[in-house]
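Written out below as structure tokens is the structure these notes cover.
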Amino acid sequence: MNISTSVLLIPLLPLLGFIINGLGFRKISKGLASIVGTATVLGSFLLSIYTFNYFLSNNSQPITVTAFNWLAVGDFHISFSFLIDQLSLLMLLVVTGVGTLIHLYSSGYMHHDEGFGKFFAFLNLFIFSMLLLVMGSNYVIMFFGWEGVGLCSYLLIGFWNKNKSYGNAARKAFVMNRIGDLGFLLGIFLIIAHFGSVEYSEIFGRAASVDTATLTMITAFLFVGAMGKSAQIPLYTWLPDAMAGPTPVSALIHAATMVTAGIYMVIRSNVLYTLAPATLEWVGIIGLATALLAASIGIFQNDIKKVLAYSTVSQLGYMFMGLGVMAYSASMFHVITHAFFKALLFLGAGSVIHAMSDEQDIRHMGGLSKSLRITWITFLLGTIAITAVLPLSGFFSKDEILMNVYMHSPLMWGLGVLGAAMTSFYMFRMFFLTFHGTFRGTDYQREHLHESPISMTLPLMILAVLSVIGGFINFPEIFGGQAWLANFMEPLFANAKQASPEAFHHAHLSHSEEFMLMGVSVGVAILSLIIAYVMYVSRNTVPAEEGTPIPAVQKVVYNKYYVDEIYDMLFIKPISALSYFFYQVFEFFVIDLLVNGIGKLVKQLSNLTRRFQTGTTGFYVFAMVIGIVVILLVNFWGFLFR
Amino acid sequence: MEVPDVIKTIPLNWYIFFATFLFCIGVVGVLIRRNALIVLMCVELMLNAVNLLFTSFSAYRSDPQGQIFVFFIMVVAAAEVSVGLAIIVMLYRNLKSVDVGILNKLKW
């Protein structure tokens, strides 16, 4: 197959699936809808593999495929073109690969839902937008996809739109993302103003000739966009609420793919960020703060999906921390492994929720390991992977980030390890409360406990395997590996290295130091595991029910530090008060007065003149003749009275 | 193109004055007469004044376009008269009168 055809087909297939399911979801049967939805994404995945092979066999030369010239304003052109290079290929494989598995899973999970076809249509539209985001060869296409995934996220969070609070969660996600998108848009405008182009190839080649202040501004604005999309402080509060959507959506959009768009964007713009160290410093600090804050909130959450949501926010914080210290390939590595194990955990949680008849509170679960064997084992593997214990994938990626952070600042590393300890604690707390101890649900739930169908457990098993072996794509040199991923991604940073060689110079750690760092992070993770085990298995503690008094500090954390309430007070209340004022005062006394006044004026004036309409034909004809005579006189005045 | 002498025996101005005269009769008729039939006839008079003007200009310029226009006007006038007469017939059936002065309900 021609390579450009295959590149163009990658995003087109899910779009086709969206059109088929979107137009025909009332007529197409559930089986057909799931086949169309899954097959199109699977097709994209196979094409991605084909493109990947072609890319490797073609000496890793970047491929640009132009579909058409999209906008042309004077000398300024925006082409609708796709760029296939190391970064977009990795994202393509993750998005379509994990996407296929989640589509397959959804066909089992959503089977009882009446909006089945609609769900698959939205999922396909999401995949299409996400593919545009990662494949685009300029910032405008990226923005196009960026908005598309935001829209799909909104549609899918509010998928069960009969529930008002779900709808509100969807709106919250949308509005928060809009705030970030505004920053992203301003960043693009600045790029256009200073570079006169939005194509990556042109911008990155010329980045070094632009002054640092401008680049700092551009990168800061772009990072605001990433804050919104990737749920970083201060725009992170939408992600936990986004768990209102169906679980496959949480797995696909709010864990594996969409939320990593911000990291993709920063890695894509690595030249600009490398040349703007001030922004990078902030990226690192915000990432660290988010990682710690979200991890600490996760400790006291009781909703299985909320715990995972905060864990996602926290892991995204780690990725940004890695970006902040210019460990771009390590962050990308964590994006990939995180996509595997977080999708696995969410899908596992979905399987648990499915088995528990839509119960999400871990206080009402317990002892599920006996009835849900496959879910239990795969969930355990995912949990170990995320807590970064040897030798599962999360260990390699998180450790690489932490190692780079240590070289930058040992203090940040210490805080990062603290976050890792919290991660380990809340993950195992959730794991033990869900799968071990005694069953705490109702009798009805006990009777209906069942392992999920094969369409749901198969993705779990595949993702579990990937979570276990995923770390080997970047097996570190210290263990005799090749660090394949880091070498593969090397060409992406060529421009940055050329522009600022000194930024890439940092001291190498000796092997003993590396082993020590690994030992510390694995040690604290295991220590947290043991604490969680003692608390929730040996002592059989169950978190307090709603309404029972809890210590003040715990209460603050349990209520997410009241951030939502603070935002409510700082932004929402004043704005709604202002809107109310405008509605009550400005609307009535200014706008209505003006509009009604003009109406009344016209009425009065026409009252004066309406008597001319006598109804007598003769009068009208007379008026017409007079008019014609006047026109003639005016026109021929000079001719007649010369 | 040269205009034949036989046409030049009557000067163009006479035609113009005559057509203006006819047109004014038509206008005055429409204004002062109340019988719908006569109003319609006066309208025809105005149309024909214009037709006369067209043909005379056409002859004095040796350009047949004006005469072609006249044919069009005659066709449209015929159609218009048929509609107008139909309206007058309906008017008479309903009101037993063809006085346009009665038709003054459509006002204010």
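Please tell me if A:Val224 is over 27 Å from A:Leu101 (Cα atoms) and touching a His at 6+ places or on another chain (Cβ under 6 Å).
For A:Val224, the condition - over 27 Å from A:Leu101 (Cα atoms) and touching a His at 6+ places or on another chain (Cβ under 6 Å) - is not met.
Results for (1) of a type in the set (Asp, Glu); (2) in contact with a Cys (Cβ under 7 Å, 6 or more places away or on another chain); (3) surrounded by 15 or more Cβ atoms within 10 Å (Cβ to Cβ); (4) at positive phi, shown as yes or no for each residue.
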{"position": "B:Glu2", "(1), (2), (3), (4)": "yes, no, no, no"}
{"position": "B:Asp5", "(1), (2), (3), (4)": "yes, no, no, no"}
{"position": "B:Pro11", "(1), (2), (3), (4)": "no, no, no, no"}
{"position": "B:Phe18", "(1), (2), (3), (4)": "no, no, yes, no"}
{"position": "B:Phe21", "(1), (2), (3), (4)": "no, no, no, no"}
{"position": "B:Val28", "(1), (2), (3), (4)": "no, no, no, no"}
{"position": "B:Ile38", "(1), (2), (3), (4)": "no, no, yes, no"}
{"position": "B:Val43", "(1), (2), (3), (4)": "no, no, yes, no"}
{"position": "B:Ala49", "(1), (2), (3), (4)": "no, no, yes, no"}
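Please find, among A:Ile598, A:Ile626, A:Ile575, A:Ile591, the residue that is aliphatic (A, V, I, L, M) and within 30 Å of A:Ala169 (Cα to Cα).
Details: A:Ile598 fails: within 30 Å of A:Ala169 (Cα to Cα); A:Ile626 fails: within 30 Å of A:Ala169 (Cα to Cα); A:Ile591 fails: within 30 Å of A:Ala169 (Cα to Cα).
When all the criteria are applied, what remains is A:Ile575.
For the range B:92-106, does any single residue satisfy the condition of being basic (Lys, Arg), within 14 Å of chain A (Cβ to nearest Cβ) and over 21 Å from the mean Cα position of the chain (by Cα)?
Yes, the conditions are met somewhere in the range B:92-106.
Tell me which helices (runs of 4 or more DSSP H) are completely within the range A:531-639 and hold 3 or more residues being in contact with a Leu (Cβ under 7 Å, 6 or more places away or on another chain), surrounded by fewer than 10 Cβ atoms within 10 Å (Cβ to Cβ) and within 14 Å of chain B (Cβ to nearest Cβ), or say none if there are none.
Hits in the range A:531-639: none.
For the range A:492-512, state whether one or more residues are buried (at least 16 other Cβ atoms within 10 Å of the Cβ) and closer than 22 Å to A:Asp303 by Cβ.
no
Here's a check for you: in the range A:63-84, which residue that is touching a helix residue (DSSP H, G or I) at 6+ places or on another chain (Cβ under 9 Å) and loosely packed, with under 13 Cβ neighbours inside 10 Å is farthest from A:Ile191 (Cα to Cα)?
Going through the qualifying residues, I end up with A:Leu71.
Can you confirm whether B:Ile68 is on the phi < 0 side of the Ramachandran plot, touching a residue at least 12 places away in the same chain (Cβ under 8 Å) and either within 14 Å of another protein chain (Cβ to nearest Cβ) or assigned to a helix (DSSP H, G or I) (or both)?
When the stated conditions are applied, B:Ile68 does not pass them.
Here are some conditions: (1) surrounded by fewer than 24 Cβ atoms within 10 Å (Cβ to Cβ); (2) modelled with pLDDT of 90 or more. A:Lys342 meets all but one. Which one does it not meet?
(1)
Say we look at the range A:355-387 and pick out the residues that are free of Cβ contacts under 8 Å to residues at least 12 places away in the same chain and touching a helix residue (DSSP H, G or I) at 6+ places or on another chain (Cβ under 9 Å); which of these is farthest from A:Leu466 (Cα to Cα)?
Ranking the candidates gives A:Lys370 first.
Among the residues of the range B:89-100, is there at least one that is part of a helix (DSSP H, G or I) and in contact with a strand residue (DSSP E or B) (Cβ under 8 Å, 6 or more places away or on another chain)?
Checking the range B:89-100: at least one residue is part of a helix (DSSP H, G or I) and in contact with a strand residue (DSSP E or B) (Cβ under 8 Å, 6 or more places away or on another chain).
The values are calculated or read from the model by the stated rules, or taken from the named source; none is laboratory data. Remember, predicted model here, so these are calculated numbers, not experimental data. Quick reminder, even Gly has a Cβ in these numbers, built from the backbone with ideal geometry, and neighbours come from all protein chains shown.
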